[in-house]
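The block underneath contains the structure these notes are about, expressed in structure tokens.
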Amino acid sequence: MSDLSKITNIDDLRVIAKRRVPKMFYDYADSGAWTEGTYRANESDFQKIKLRQRVAVNMEGRSLRTTMVGQETAMPVAIAPTGLTGMQHADGEILGARAAKAFGIPFTLSTMSICSLEDIAENTGRHPFWFQLYVMKDRDFIERLIERAKAANVTALQLTLDLQILGQRHKDIKNGLTAPPKPTIKNLINLATKPRWCMGMLGTKRRTFGNIAGHAKGVKDLSSLSSWTAEQFDPALSWADVEWIKKLWGGKLILKGIMDVEDARLAASSGADALIVSNHGGRQLDGAPSSIAALPAIVDAVGTEIEVWMDGGIRSGQDVLKARALGARGTLIGRSFLYGLGAFGQEGVTRALQIIQKELDITMAFCGRTNIDEVDSSILLPGTF
Ligand SMILES: Cc1cc2nc3c(=O)[nH]c(=O)nc-3n(C[C@H](O)[C@H](O)[C@H](O)COP(=O)(O)O)c2cc1C
């Protein structure tokens, strides 16, 4: 057990993750598309929103507990799906799922994870978790994947709609990002400076896309796997596919990657249970607004018909509270989770969650509220949002 009491904020975890995780994987997490303008705005737009401090209000008996798509959560925060998480730390998805289970919040596994659906089920005592789906051209594979998710005790499906094509991430191109890392001289020299990470990787058999390898037709080795993945994202994805997935899945459905009011209306009329206002953490369309800036108009348009959540730029409990005040029933964290994982494995994820929970609780109290379900825009300073 490490003493993490001096780790007081998410940026502390980021700095340590940067030291411990090989450059190509750290950069994969801490980067956005093109100029990274949207990536940066996701964080900085939160800072512009100011809170109203209230005093002499009874702050006893505070509660952060709430629900997301009807499922109980210790706070309105879930772990976002992130690809290649098992490359930030050996067995990363299993560690993240275990930390989320102990904390009482939902964990979402990405289609592009290193640990598989079955790995998560087996290593968490079949605790319920969520799964994120990318629609691939190989629809037989998707049908089987959904069946596997059901068998693994997945209780909500996040269908990601904003990655029909891949945003251009310059750092990944420059680093020659692959899983496992390409043995170029530069990468080998960098790996030699990360002994802890290397030991972890040598100690696990999970080093490739666990949901795909051995399950997709024609994928036998690493090179066929990488070409299969590159050509499988479906540029023809449409709302008809959303309907098809909804029928196949039959359970709680969450549509991820909605940034526009028109699309939000379509999402609401699709019969999905929630939508996530998300620009994929600034990794797809650079030049899109920040998620927090896009949130209010979407809440106005469809907030009474469908649960509206958001992600992008959440680095503190204060950000969660601001999102909640602007109408997001739930939030997801990507990088705040990955930095904790890269820095200290499962303990680091737990630390990240503790930090966010504490900040959320204290900030809510300063704003004169004791129940997260009673937070609304009246806690924000007019003119700042
Ligand atoms: C390294 C990384 C990998 C990601 N992979 C996926 C993915 O496989 N599927 C998906 O729907 N979103 C993916 N996302 C987007 C996240 O689910 C989430 O929308 C985003 O991270 C939120 O922004 P934040 O990192 O600022 O919290 C990824 C994000 C990161 C940082």
Total residues in the stretch 121-171, condition polar (S, T, N, Q), touching a residue at least 60 places away in the same chain (Cβ under 8 Å) and under 12 Å from F107 (Cβ atoms): 3
Members of the stretch 276-305 found to be more than 14 Å from D260 (Cβ to Cβ) and surrounded by fewer than 22 Cβ atoms within 10 Å (Cβ to Cβ), listed by number: D286, G303, T304, E305
Single match in I165, I245 (criterion: in a loop (DSSP other than H, G, I, E, B), more than 19 Å from M87 (Cβ to Cβ) and of a type in the set (A, V, I, L, M, F, W, C)): I165
Odd one out for W239, checked against (1) touching a Ser or Thr at 6+ places or on another chain (Cβ under 7 Å); (2) under 19 Å from S110 (Cβ atoms): (2)
The stretch 196-210, subset modelled with pLDDT of 95 or more and among the basic types (K, R), residue farthest from K220 (Cα to Cα): R196
Filter result (open to solvent by 10 Å² or more (accessible area, probe 1.4 Å) and within 22 Å of S63 (Cα to Cα)) within the stretch 326-346: L326, G327, R329
Of all residues making up the stretch 308-329, the number that are within 13 Å of the ligand (Cβ to nearest atom) and in a strand (DSSP E or B): 3
Some residue of the stretch 117-124 being open to solvent by less than 50 Å² (accessible area, probe 1.4 Å), farther than 23 Å from F209 by Cα and part of a helix (DSSP H, G or I): no
Those residues of the stretch 261-275 which are in a loop (DSSP other than H, G, I, E, B) and either open to solvent by 40 Å² or more (accessible area, probe 1.4 Å) or away from the ligand (no atom under 16 Å from the Cβ) (or both), in sequence order: S270, G271, D273
Failed item, numbered, when V219 is tested on (1) farther than 23 Å from L157 by Cα; (2) β-branched (V, I, T); (3) in a helix (DSSP H, G or I): (3)
Residue that is modelled with the lowest pLDDT [pool: residues in the stretch 228-253 that are open to solvent by 70 Å² or more (accessible area, probe 1.4 Å) and closer than 18 Å to L177 by Cα]: A230
Condition met for L225 (surrounded by 12 or more Cβ atoms within 10 Å (Cβ to Cβ) and over 23 Å from the mean Cα position of the chain (by Cα)): yes
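Yes/no per residue for (1) loosely packed, with under 15 Cβ neighbours inside 10 Å; (2) in contact with a helix residue (DSSP H, G or I) (Cβ under 6 Å, 6 or more places away or on another chain); (3) of a type in the set (V, I, T):
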position: I142; (1), (2), (3): no, no, yes
position: R148; (1), (2), (3): no, yes, no
position: A151; (1), (2), (3): yes, no, no
position: D162; (1), (2), (3): no, yes, no
position: H170; (1), (2), (3): yes, no, no
position: N175; (1), (2), (3): no, yes, no
Cross-chain or 6+ apart pairs with Cβ under 6 Å, the stretch 320-336 first and modelled with pLDDT of 95 or more, then basic (K, R) and within 11 Å of the ligand (Cβ to nearest atom): S336/R315
Scope the stretch 193-211; condition without any contact (Cβ under 8 Å) to a residue 24 or more places away in the chain and either touching a helix residue (DSSP H, G or I) at 6+ places or on another chain (Cβ under 8 Å) or open to solvent by less than 80 Å² (accessible area, probe 1.4 Å) (or both); matching residues: C198
Strands (runs of 3 or more DSSP E) fully within the stretch 1-94 counting 1 or more residues that are within 11 Å of the ligand (Cβ to nearest atom) and not basic (K, R): 77-79
Selected residue (criterion: nearest to the ligand (Cβ to nearest atom)) from residues of the stretch 95-110 that are crowded, with 24+ Cβ neighbours inside 10 Å and within 19 Å of N211 (Cα to Cα): T108
Pairs where the first residue, in the stretch 30-54, is more than 14 Å from S291 (Cα to Cα) and of a type in the set (S, T, N, Q) and the second is part of a loop (DSSP other than H, G, I, E, B) and within 16 Å of the ligand (Cβ to nearest atom), C-beta under 9 Å, 6+ apart: S31/R169; S31/R283
Considering residues of the stretch 150-162 that are within 15 Å of the ligand (Cβ to nearest atom) and part of a strand (DSSP E or B) only, the residue farthest from E243 (Cα to Cα): V154
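The values are calculated or read from the model by the stated rules, or taken from the named source; none is laboratory data. Just so it is clear, the structure is predicted and the values come from calculations on it, not from any experiment. So basically every Cβ, Gly included, is an ideal-geometry build from the backbone, and we count neighbours across all protein chains shown. Just so you know, the surface numbers come from the protein's heavy atoms only, side chains and all, with ligands and any DNA or RNA stripped out. Shrake-Rupley method; radii C 1.70, N 1.55, O 1.52, S 1.80 Å.
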